[in-house]
Amino acid sequence: MYFWILIGIAVILFLYLWVVPRIAVHEMTRMKQSTYDRCLDMLEEYGVFTRDAFDKMEPEVIQLSSHDRLNLHGHYMEYFPASNRIALIVHGYTAALPWSCQFAAMFKQKGFNVLLVDQRRHGRSDGQYTTFGFHEKYDIQAWVDWIVARKGEDCMIGLHGQSLGGGTVLEYAAIHRPQVRFIIADCPYSDLTKLMRHQLAKYYLPPWPTMRLMDKLLEKHAGFRMADIRPIKNMKQCKLPVLFIHGKDDVFVPTWMSEELYAAKSSPSALLLVDHAAHAVSYCVDPKRYEAAVHQFIDGLLGKQAISVNSL
């Protein structure tokens, strides 16, 4: 009897100490990505963008190398050759650049050319692990450098990032080029350690020793630790204007994370909370309010720019 009890305890400990941290780290860094088709299917389900519109975009396909020699893939739309405004839009975890298409028209209406990118390990970009901004912020630097080389030193760049993309652009804020004038962070995480503790709590898993074991695996395989990713630390010193957007019903990256980022950020900054929106669907739920907040934010920073109806 006692033998089988001990065996049961041993099995439970094995599952907890070996299996659970590995599953958690896999879900964090190597979860299966959505295809372009799946992203477009979801956008059509929400009614905010269509496959036909994607097929008609005719982008310039851009490829460049990351600082660690990964191939990065992007689509550039130069709607206005004379405009020096460029929006760099960065998708979230397991998504791909077609998901970012929902935001393109919003920036086009303000005279922006648009660059959509596949984050490393997503879409058509290379990579084995997602690192929540640890390496991705340097990928953003590479894309910004490409924009400056293309449009000149006097260009004005706006960054839009959602979820993982939001955390990435906030991490990038610490090293940003002067051409970057503002950031829009949609449902970003404020601190990766806090986010993972929140995720474990949803499955009734104690943070200790799970978090410590996860950290060891992250460092071994992906080269970073959770404590390395703290966008809120950057916000305390950040001088760039930031608009934070978050759905009030987000339980994946909890809404309070944007609220504490906003509280930590000195002005200029703004916060939009969207009613009835779960994770990464604030625009899908209330596109008019989302667009109005973004346009007001941009106009306040760069001034209004009239765009001909015929050019849209």
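A few points about this structure:
- Taken per residue, the accessible surface of the stretch 64-130 reaches 28 Å², heavy atoms only and a 1.4 Å probe.
- Only helices enter the 222 nm calculation for the chain: every DSSP H run of n ≥ 4 contributes -39,500 (n - 2.57), and dividing by all residues gives -12000 deg cm²/dmol, rounded to 500.
- Loop-located chymotrypsin sites (Phe, Trp or Tyr not before Pro) across the stretch 157-230 with a Cβ neighbour count of 11 or fewer within 10 Å are Tyr203, Tyr204, with loop assigned by DSSP.
- Sites listed here are trypsin sites (Lys or Arg not before Pro) in the stretch 225-258 whose DSSP assignment is loop and whose Cβ has at most 12 other Cβ atoms within 10 Å: Lys236, Lys239.
- Label-point separation in nm, Tyr46 to Arg225, each point 7 Å along Cα→Cβ: 3.6
- Rounded to 10°, Cα long-axis angle of helix 136-151 versus longest principal axis of the chain: 10
- Nearest 10 degrees, 0 to 90: helix 287-302 Cα axis against the chain principal axis: 60
- Trypsin sites (Lys or Arg not before Pro) within the stretch 56-87: DSSP coil, no more than 14 neighbouring Cβ in 10 Å: Lys56, Arg69
- Fraction of accessible area attributable to carbon and sulfur, the stretch 188-263 (%, probe 1.4 Å): 57
- Equivalent-ellipsoid semi-axes of the stretch 169-309, from the Cα gyration tensor, Å, largest first: 31, 19, 12
- Shape category assigned to the stretch 62-111 from the gyration tensor of Cα positions, a/c cut at 1.5: oblate
- log₁₀ of I(q)/I(0) at q = 0.15 Å⁻¹ - the stretch 90-248, Debye sum with one point per alpha carbon: -0.82
- The stretch 211-312, accessible area per residue, ligands and nucleic acids excluded (1.4 Å, Å²): 51
The values are calculated or read from the model by the stated rules, or taken from the named source; none is laboratory data. It should be emphasised that the depicted structure is a prediction, and the values quoted were computed from it without experimental measurement. Here Cβ is always computed from backbone atoms with ideal geometry, including for glycine, and neighbour counts include all displayed protein chains. Areas reflect the complete protein model, heavy atoms only, side chains present, ligands, DNA and RNA absent. Shrake-Rupley method; radii C 1.70, N 1.55, O 1.52, S 1.80 Å.
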